[in-house]
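Worksheet: the structure to be examined is printed underneath.
The values are calculated or read from the model by the stated rules, or taken from the named source; none is laboratory data. Computed from a predicted structure; not experimentally measured. Here the Cβ positions follow ideal geometry from the backbone for every residue, glycine too, while neighbour counts run over all protein chains shown.
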């Protein structure tokens, strides 16, 4: 059987072996790619690269999620002035460890006419900002009504 370069390259890609190992395996298996892969596995010649191991699995997904959260910003503003601008990872950690404090701070911020926004890494708003604007508007309306009620009495 004539072993060509394309077949050797294909085996090299699949098994991550040297040219001579790929050629030898194909020659011993009469050019059968599947048999050559099995032969290389049995002889413990198949290797995985670090990028293949690192690029898959749970930890890779978690790492990617943390990176996205760190690039996404939590911004608290009042009258178009930025009061807080933090990575979302910091906000999540503070929320997890100091939940009562965080909830109280958010409620106070909403009723003191602050705006909460989440900004993507590319600078665009997240969809949740529309809902946060509605909540901020409702809290602002309540604050104004209570203020007017107190002033009139």
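Taking the conditions exactly as written (under 30 Å from residue 132 (Cα atoms) and at pLDDT 90 or above), does residue 86 satisfy them or not? So that I can check it myself, show each step before the final result.
Working: under 30 Å from residue 132 (Cα atoms): yes; at pLDDT 90 or above: yes.
Criteria met by residue 86.
Among the residues of the stretch 99-127 satisfying the criterion of being in a helix (DSSP H, G or I) and touching a helix residue (DSSP H, G or I) at 6+ places or on another chain (Cβ under 7 Å), which is surrounded by the most Cβ atoms within 10 Å (Cβ to Cβ)? Working first, answer last.
Restricting attention to the stretch 99-127, the residues satisfying the condition of being in a helix (DSSP H, G or I) are 99-111.
Those still in the list that are touching a helix residue (DSSP H, G or I) at 6+ places or on another chain (Cβ under 7 Å) too: 102, 110-111.
Values: 102: 15, 110: 20, 111: 14.
Here the answer is 110.
Could you please give the count of residues in the stretch 135-153 that are farther than 20 Å from residue 105 by Cβ and surrounded by 10 or more Cβ atoms within 10 Å (Cβ to Cβ)? Residues meeting the conditions: 5. When the stretch 106-121 is limited to residues that are over 27 Å from the mean Cα position of the chain (by Cα) and free of Cβ contacts under 8 Å to residues at least 12 places away in the same chain, the one that is nearest to residue 132 (Cα to Cα) turns out to be 107.
Considering only residues in the stretch 72-93 that are in contact with a strand residue (DSSP E or B) (Cβ under 7 Å, 6 or more places away or on another chain) and part of a helix (DSSP H, G or I), the one that is farthest from residue 117 (Cα to Cα) turns out to be 91.
Residue 40 meets the conditions (1) modelled with pLDDT of 90 or more; (2) surrounded by 15 or more Cβ atoms within 10 Å (Cβ to Cβ); (3) in the same structural domain as residue 130 (by TED's automatic domain parsing) in every case but one. The failed one is (3). Filtered by the rule that a residue be surrounded by 11 or more Cβ atoms within 10 Å (Cβ to Cβ) and within 24 Å of residue 138 (Cα to Cα), the stretch 62-81 gives 73, 74, 75, 76, 77, 78.
Which one of 150, 135, 146, 96 is within 28 Å of the chain's Cα centre (by Cα), in a helix (DSSP H, G or I) and without any contact (Cβ under 8 Å) to a residue 24 or more places away in the chain?
Values: 150 fails: within 28 Å of the chain's Cα centre (by Cα); 135 fails: without any contact (Cβ under 8 Å) to a residue 24 or more places away in the chain; 146 fails: within 28 Å of the chain's Cα centre (by Cα).
After applying the criteria, what remains is 96.
When residue 31 is tested against (1) modelled with pLDDT under 90; (2) surrounded by 12 or more Cβ atoms within 10 Å (Cβ to Cβ); (3) assigned to a helix (DSSP H, G or I), exactly one condition is not met: (3).
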